[in-house]
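First up is the structure itself, then whatever we jot down about it.
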């Protein structure tokens, strides 16, 4: 690719003049735009969005995540890969132990446990540091013997993690996509389409869209 730019934020998108403005003021001219930006944020970049459309898209619901990565100071010693919990005493809803996915990873001198703690405006994160409660839950569940085994903990917040299906979602997203496509902007991906799809499906939809646009040009 001759003009690849990483780590650059988009400050504005003007379909009428086919101008994309990066933060800092640089302007890029375009004929079509393919976006994976969450559709509510994408509409916020465009002028003259119908107020009702902006309102409806702003009402789309999602879950955010705090990803708590716990590094254990020895090879993995439990056989499971995923655990799901609905127990309110457990701070995470999902636990992933990917070092059980191959013999090579199982043999590593340390292993990682990834806890997903979901939150939303209706159900906020618990106050304070998440590391202690997550490590405590791992110990109480018998997934580690002692907190002394923990080499380190990292917490990453993911504002857009899981789209929530609602009664009006499909119709709202379809209206947004139609409005954008009339202006040469195509939105794809999990939050580009507000659809619960994994990365393989997101790549597949991106390739399909790319082939469709290539046939049009």
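The values are calculated or read from the model by the stated rules, or taken from the named source; none is laboratory data. Just so it is clear, the model here is predicted, and its values are computed rather than measured. Cβ placement follows ideal geometry from the backbone for every residue including glycine, while neighbour counts extend to all protein chains displayed.
The selection criterion, being farther than 30 Å from residue 129 by Cα and outside any strand (DSSP E or B), does not hold for residue 13. Yes or no: residue 102 assigned by TED's automatic domain parsing to the domain that holds residue 159, surrounded by 14 or more Cβ atoms within 10 Å (Cβ to Cβ), closer than 30 Å to residue 152 by Cβ and out of contact with any strand residue (DSSP E or B) (no Cβ under 6 Å at 6 or more places or on another chain)? Spelling it out, it is not the case that residue 102 is assigned by TED's automatic domain parsing to the domain that holds residue 159, surrounded by 14 or more Cβ atoms within 10 Å (Cβ to Cβ), closer than 30 Å to residue 152 by Cβ and out of contact with any strand residue (DSSP E or B) (no Cβ under 6 Å at 6 or more places or on another chain). Among the residues of region 58-70, those identified as touching a strand residue (DSSP E or B) at 6+ places or on another chain (Cβ under 7 Å) and either within 23 Å of residue 196 (Cβ to Cβ) or surrounded by fewer than 18 Cβ atoms within 10 Å (Cβ to Cβ) (or both) are 62, 63, 64, 65, 66, 67, 68, 69.
Scan region 16-29 residue by residue and report those that are outside any strand (DSSP E or B) and either within 26 Å of the chain's Cα centre (by Cα) or surrounded by 13 or more Cβ atoms within 10 Å (Cβ to Cβ) (or both). If the condition is that a residue be outside any strand (DSSP E or B) and either within 26 Å of the chain's Cα centre (by Cα) or surrounded by 13 or more Cβ atoms within 10 Å (Cβ to Cβ) (or both), then 18, 23, 24 are the ones that fit. Of everything in region 185-199 that is more than 17 Å from residue 62 (Cα to Cα) and modelled with pLDDT of 95 or more, the residue that is surrounded by the fewest Cβ atoms within 10 Å (Cβ to Cβ) is 186.
Residue 182 passes every criterion in (1) farther than 25 Å from residue 65 by Cβ; (2) modelled with pLDDT under 95 apart from (2). For region 177-196, the set of residues classified as closer than 16 Å to residue 163 by Cα and either part of a helix (DSSP H, G or I) or touching a helix residue (DSSP H, G or I) at 6+ places or on another chain (Cβ under 7 Å) (or both) consists of 187, 188, 189, 190, 191, 192, 193, 194, listed by residue number. In region 39-57, the condition of being in contact (Cβ under 8 Å) with a residue 40 or more places away in the chain, surrounded by fewer than 17 Cβ atoms within 10 Å (Cβ to Cβ), assigned to a loop (DSSP other than H, G, I, E, B) and not assigned by TED's automatic domain parsing to the domain that holds residue 153 is met by at least one residue. Restricting attention to region 127-148, the residues that are part of a helix (DSSP H, G or I) and touching a helix residue (DSSP H, G or I) at 6+ places or on another chain (Cβ under 9 Å) add up to 6. In the set (1) assigned by TED's automatic domain parsing to the domain that holds residue 193; (2) under 20 Å from residue 145 (Cβ atoms), residue 113 fails one condition alone, (1). I'd like the residue in region 80-113 that is without any contact (Cβ under 8 Å) to a residue 12 or more places away in the chain and over 16 Å from residue 135 (Cβ atoms) and, out of all such residues, is nearest to the chain's Cα centre (by Cα). Only one residue fits best here, namely 84.
Considering 148, 77, 73, the condition of being touching a residue at least 40 places away in the same chain (Cβ under 8 Å), surrounded by fewer than 17 Cβ atoms within 10 Å (Cβ to Cβ) and farther than 30 Å from residue 190 by Cα is satisfied by 73 alone.
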